[in-house]
Structure formats: structure tokens, C-alpha cells
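The values are calculated or read from the model by the stated rules, or taken from the named source; none is laboratory data. Just so we're clear, the structure is a prediction, and the values are computed from it rather than from any experiment. Note that we place each Cβ from the backbone using ideal geometry, even for glycine, and neighbour counts take in every protein chain shown.
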Amino acid sequence: MGLDIRWPIGLMFTLIGALLAVFGLTKGSESMSLGININLKWGVVLLAFGLFMLIGAFKGGKNPPSA
Amino acid sequence: MLGIGWALARYMKTSADFLTSARSIPTWVTGLAFISANLGALELVGMAASGAKYGISTAHFYWVGAIPAMIFLAVFMMPFYYGSKARSVPEYLKMRFDERVRALNSVAFAVMTIFASGISMNALAKLLHALLGWDYNVALWVCSGVVLLYVLKGGLTSAIYTEVLQFFMIVLGFAPVVYLGLKDVGGWHKMNSALQTVATDPAAIYINAGTNFAPNAWTSAWQPLVAGPAHNPMGVDVFAMVFGLGFVLSFGYWCTNFLVVQRAMAAKNMTAARNTPLVAAVPKMFFPFLVIVPGMIAAALTTLPDKGYRIPPPVISQANYDKAVAAVKSANYANSRDVAVKSVGDALGAKVDAVKITSLVAATAASKLSDADIQKGLYNSVAENDYDGVILSLVKKYCPAGLLGLALTALLASFMSGMAGNVTAFNTVFTYDLYQAYFAPGRTDRHYFLTGKVITVVGIILSIGAAYFASMYNNCMDIIQLVFGFVNAPLFATFLLGMFWKRTTATGAFLGLFGGIGSSALFHALTIAQGNTPGLKGGYVKVLSIFPSEMAQNFWLASFAFIACFTLTLVISLATSRTKTDVELKGLVYSLTPKIVDNNIPVYQRPAVVGIVLLIVCIILNLIFW
């Protein structure tokens, strides 16, 4: 059977979110837009979304991570 | 960031095919796949462009167009598609009518794919020009070269997976831009009051439109339409909007576009298939806030001098800028202002703002401005807008490194797959539906395979031509709707009659479709939009009528083509005799196909019930932004 699409979506956004958040934390001065550290904030949002997708895929039980 | 996107995109290509993995996928996933086929970079660019050029009326593409059409598809047409064996538009037309109708549709479809990829290519080339400073022509040829390699290498094996992924990248990559933009203009209400300034004097920000707008012309969806074509920036009335866009263009797009419809086929059963467009309609309804609001923000920002923002001007080559800088330096302000302004404008090759050029010349004469400063001044003095540039300019303005990478990756990936998808579709239709069927039947597989490769090259070259044509428009949505007016509008009439009236004959459908497309061409040859000179953009035979905007011209063209095709098909069908019996048409015509009974599923899952709820929400949205 095919791949549950929540795996790639979850993996991708967990990764992008984590990277963006770390970038925002370490390079705070380069991450500001209108006085907001948007990289950090949005990185956390993406990370949460990615994890949410991964949890859904995991519970869905199709294609275990080894696939 | 780019690397990650690329690596994952490559990973996705190796994954199993969505369609075959189907029949077990949750409805929300098929629903997303369904809208992913439609929400790409082009939609983002075009809708933001229209948001700036036409204001919130652009939301009618969703609230009058897409949503009702998706509900109609779910409730009435999906049972019929899911039940029938047809898996593509040409296949259906062949089964319902005959070879002639199929061939004509294949030709029209092939032309449409060329334009679709050309429009994307033009938008991408302009994006690269604005982003990296590449020359427009170089960017265009580089893009086409990359697409050629991509298609020849046999990319795009799992289009639907990548599209769903890109859908999320676009939504999640651009949501912060909307948030930051709104924050910058000072919130929704501040944006609206700035847009009232736009409406009172659109010429001040070079929006080529009338002058007698009410203050709410950019911020109310219906009142300016009810007031008449002279009172809204799109220059349309309620009929053109509801019939032209809502009925003909939108129903035509959503109900006959098998690339979209196909995705619902992957659902696990008939109920899920019918619910797929309905699930898709929920996010679709709120897309205007993601894709149109950025355009409105851009128009609003332009009126706030302290923001230092303008809607990007059309592409001007560095050579012309250099010439204009020289012209500014040598202009003798004391002699004649008009002569100075004209010489700068000529050097630049664009319309210029006389007041701004005059003060630029004066400033240059008074103090030694650097060439870069003069060029910046020239950039701000161009009295024309290129609305396609709106979205990128906002991304550059608000996204720091990091987020910028995400947004640009989303755009580039989506453009690439959009172009590759259209070139591949052109290749398939031409090679198998036209070449194999009519010109050279019965050759070896290898022969067709090689033909396909050659056709890919031809397709790319034609797309480049289409891209140059598209570059004449300042809003890619204007030209997309023009192409749909030629191809989808008459086709929808053929479908409607073919599906719901068993008396429709093959000859009627063929001549009707032919006449419909012909009348599009005739309409285009005889009308033009205000501010355009007769030529490729219309009116090349004679100008009988002038529309206030390209979009108004498109809506009327689509209405005209639909009515012409509908009437011709109807009359010719009545005059000719049927060649197919009721038995042959079973499953192809509504009245001859068994109806679905929904009694055995819960009320909240019945498509008709869900559809009505969605329609009510949609009406509420229309009323809020009345």
C-alpha cells in the first residue's frame, strides 16, 4: 500500500520548524521583522504542526516508520 | 532551507502513487489533494495581483465562483463521474458523442496547457528578475531549460503527493506574511481606511481605473458591483460577475477539469468521493484571507508614505535604467520640464510620473546623487504597476532570512511542478490523443516515446512564446481567465447539455463547441479593455466595444462563448438525429443513470445537507463583506 501522506508532511514540517526555531534563537537579530522574532515564533508553530501530523500518522497505524 | 525542500521533494518522487494507494485514504486527505491541484504559485501570485488591482471583489472567485461550483460538483456531478467509467474529459466526450468532439477538445486542451505553462514561466521569470536581478529574457530561457530537463528526466511521477506537500508549504509559508503585513498597515480597519484613499484617487498609485468610485470600491464586495460597471475597479456589473465568473468560468473550471475531479476518485467509497469537494470547500472558503488580502495590503501600503512601499513597476532592463540615469543627469531643468520628463520617459521605455521626474531632475542638479540613488528615484517614478510582483515584494519586505527561504522554496517548487505538469499534459495529449489517434496510428511504442520527447521540446518552445504573450499583461489572473474563456466556457455548455439532455447529438456538440470557441475568438477580435491598444490583447479586427478592465472583457467573453455554444448545440441537436441509443448512453446522461439514495448514511454526512450548510456559510461571508 501507499505511504500515508501524514508521514512526509509531519517529517518535513517538524524538521523545518525545528530549524527555523533554532535559527531564530541563535540569530535573533537577523530574525526580526517589525520587532517580532518571526523565525522563532513561526518555527514553533510549524514544529507543533509537524508533530501533530506525525502523531496522527502514528496513530493511523499505516506504514510504520521503518517504511 | 532550499536544500531541505529539494531533498524532501526528491524523496517524495520515489513514494508510491497516490491514485493506486487510494481507496483507504481519509476524506480530509483527498479533500486537500483536491484543492492542491488548484492552489499553486500562480494562484497566489494572480490572486494577490487581483487583490491590489481590483480589491476585495476578487474574493468572488471564491465566494461566488469556486464554492458554489464545488458544491454543485459534489451533489450533482460526482455520483455520475464516480459511477461512469470515463476517466478524462476527452474519454467522456468520445463515449458520449464521437471522435470529432474528442479531437476538437484535445486540440483546445493542448493549447490551454501551452498557455498555462507559458503564464507560469512568465511569472517565474519576473520573480527571478525581481529577486536576483536577472535579465527577464535570460531568466525566461533558464526557466524553460530547467523545465525541459525536469520533464525529459521523467520527473513528476507522484504529482499529487508533491502538490499536497506544496499546498502546506504555501499556506504555512505565506500566512506569516499576511500577519506581518496586516500588523504593518495597522490592522484590518487601518487597511480599509487606507484603501478608501486608494478608491478616491486610484491614479495617485497608478492604478489605471476610473475616477468616480465610492470610498468602498476596494473594500466592499457587492455594493460597488450593484452600483454598476463605472463604480468598481473591475468594471463589471452583477450579471457579468454572477453569470460570467460564477456560473460559466467557475462551474466550467471545477466541473470539467479532470485533473481536479480525478482526486476525488481516490476516495474510499461513493459517499467519501462526493464529500471530497465539500471538505475541500471549507479551507477554500477562507483562502481569500491568505491570497487576496496581501494584494489589498500592498495597495494600502502604497498610500502610506512613511512605509516607503510601491507596487513594483513593470520589468525594465538595466540598459534602459542606465540610459534614463544619463538622461536625468543631462536634463536641463531650466529649459523645459516637459522635454526633460519626456527624454527620461523615452530612455526608460515606460510611462513616468512627471512630478516625480521633475523633482528627481531638480535633486540631481542640486546635489550630486549617486547613480544608484537616481535609479531608485526612477524606479519610484514609473507610473505603471506590475501586479504580479506584489506577493514577492511583500515577502521580501517582511520575511527575514529563514522564513524567506521557506516562502521562496514554496513558490519555486510550485512553479516548477505547475510548468512541468502542463508540459507533460501537452506531451501526453498531443502524442497519444492526436498523433497516435489521427496522424500515425499503429507505430511501435518506441516511436511514440521518441515523438513524446520531441513534442516536449516543441511544447517548451511554444510555452516561451506564450510567456512573451503573457508578459503583456500586468496581472496573470487576467490572462488565465482569458484562456479559460476560450477553452472552458464553451466546453462547459457542451458538458451541461451532454450530461443533462439525452437528445444532444454528436453533430450538435461538435459544431456547437467549434462555434463556441470561434465566437470567443470573434469576441476577442472585436473588443478591448480600456488603456490597451488594439493588437494581441484584443480588438485586432475592429473595436466595437471597450471594457473598463481586462477582467470585465474576460467575463463577458466567457458568457458570450457559453451562450453561443449552448444555443448552437441546442439548435443543431434538434435539427439532427440521434446516433446513440438510450442503452449506449446509460451512465453518461443524468436521466439515464441510476440515482443514489442517501438514506443509509448519517444526516451530517449527506452531501446535500453538508452542501447546504457550506452554502449558508458562504452567503454569510458574502454578507459580512457586502
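Set side by side, the residues B:276, B:303 differ, and just one is hydroxyl-bearing (Ser, Thr, Tyr), under 31 Å from the mean Cα position of the chain (by Cα) and crowded, with 21+ Cβ neighbours inside 10 Å, which is B:276. Among the residues of segment B:393-402, those that are in contact with a helix residue (DSSP H, G or I) (Cβ under 7 Å, 6 or more places away or on another chain), under 13 Å from residue B:181 (Cβ atoms) and at the interface with chain A (Cβ under 9 Å from one of its Cβ atoms) comprise B:398, B:399. Could you check segment B:171-225 and list, in sequence order, the residues that are aromatic (Phe, Trp, Tyr) and either out of contact with any Leu (no Cβ under 9 Å at 6 or more places or on another chain) or part of a loop (DSSP other than H, G, I, E, B) (or both)? Across segment B:171-225, the qualifying residues are B:179, B:206, B:213, B:218, B:222. Scanning segment B:239-276 for residues that are in a helix (DSSP H, G or I), more than 23 Å from residue B:93 (Cα to Cα) and of a type outside the set (A, V, I, L, M) yields a total of 7.
Taking the criterion of being free of Cβ contacts under 8 Å to residues at least 12 places away in the same chain, among the hydroxyl-bearing types (Ser, Thr, Tyr) and more than 8 Å from chain B (Cβ to nearest Cβ), the residues of segment A:1-55 that qualify are A:26, A:29. Within 18 Å of the chain's Cα centre (by Cα), small (Gly, Ala, Ser), within 20 Å of residue B:165 (Cα to Cα) and crowded, with 23+ Cβ neighbours inside 10 Å: does that describe residue B:402? For residue B:402, the condition - within 18 Å of the chain's Cα centre (by Cα), small (Gly, Ala, Ser), within 20 Å of residue B:165 (Cα to Cα) and crowded, with 23+ Cβ neighbours inside 10 Å - is not met. State whether one or more residues within segment B:422-442 are assigned by TED's automatic domain parsing to the domain that holds residue B:523, under 30 Å from residue B:311 (Cα atoms) and in a helix (DSSP H, G or I). Yes; the residues of segment B:422-442 include at least one that is assigned by TED's automatic domain parsing to the domain that holds residue B:523, under 30 Å from residue B:311 (Cα atoms) and in a helix (DSSP H, G or I).
Here is a yes/no grid of residues against (1) buried (at least 21 other Cβ atoms within 10 Å of the Cβ); (2) at pLDDT below 85; (3) outside the structural domain of residue B:256 (by TED's automatic domain parsing); (4) within 29 Å of residue B:94 (Cα to Cα):
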site	(1), (2), (3), (4)
B:569	yes, no, no, yes
B:574	no, no, no, yes
B:591	no, yes, no, yes
B:595	no, yes, no, yes
B:605	no, yes, no, no
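It is to be established whether one or more residues within segment B:120-129 are closer than 30 Å to residue A:35 by Cβ and not aliphatic (A, V, I, L, M). No, because not a single residue in segment B:120-129 is closer than 30 Å to residue A:35 by Cβ and not aliphatic (A, V, I, L, M). State whether the residues of segment B:400-413 include one that is assigned by TED's automatic domain parsing to the domain that holds residue B:42, touching a strand residue (DSSP E or B) at 6+ places or on another chain (Cβ under 9 Å) and assigned to a helix (DSSP H, G or I). Looking through segment B:400-413, at least one residue is assigned by TED's automatic domain parsing to the domain that holds residue B:42, touching a strand residue (DSSP E or B) at 6+ places or on another chain (Cβ under 9 Å) and assigned to a helix (DSSP H, G or I).
Counting only helices (runs of 4 or more DSSP H) wholly contained in segment B:443-530, no element carries 1 or more residues that are in contact with a Ser or Thr (Cβ under 8 Å, 6 or more places away or on another chain), outside the structural domain of residue B:256 (by TED's automatic domain parsing) and surrounded by 23 or more Cβ atoms within 10 Å (Cβ to Cβ). Looking only at segment B:584-605, residues that are in a loop (DSSP other than H, G, I, E, B) and more than 16 Å from residue B:80 (Cα to Cα) come to 4 in all. Residues in segment B:106-128 that are buried (at least 24 other Cβ atoms within 10 Å of the Cβ) and of a type in the set (S, T, N, Q): B:113, B:117, B:120, B:122.
When segment B:226-238 is filtered for residues that are touching a residue at least 60 places away in the same chain (Cβ under 8 Å) and either outside any loop (DSSP other than H, G, I, E, B) or not polar (S, T, N, Q) (or both), the ones remaining, listed by number, are B:229, B:230, B:233, B:234, B:235, B:236. Is at least one residue of segment B:264-272 surrounded by 18 or more Cβ atoms within 10 Å (Cβ to Cβ), within 22 Å of residue B:47 (Cα to Cα) and in the same structural domain as residue B:399 (by TED's automatic domain parsing)? No, segment B:264-272 has no match at all.
Comparison of B:558, B:564 shows that the only residue that is assigned by TED's automatic domain parsing to the domain that holds residue B:253, within 19 Å of residue B:486 (Cα to Cα) and within 22 Å of the chain's Cα centre (by Cα) is B:558. In segment B:23-100, counting only helices (runs of 4 or more DSSP H) that sit wholly within it, the ones holding 1 or more residues that are among the basic types (Lys, Arg) and modelled with pLDDT of 80 or more span B:41-54, B:89-96.
With B:106, B:144, B:117 as the choices, which residue is under 19 Å from the mean Cα position of the chain (by Cα) and either over 19 Å from residue B:461 (Cα atoms) or not acidic (Asp, Glu) (or both)?
Values: B:106 fails: under 19 Å from the mean Cα position of the chain (by Cα); B:144 fails: under 19 Å from the mean Cα position of the chain (by Cα).
Selected residue: B:117, the only one of B:106, B:144, B:117 that is under 19 Å from the mean Cα position of the chain (by Cα) and either over 19 Å from residue B:461 (Cα atoms) or not acidic (Asp, Glu) (or both).
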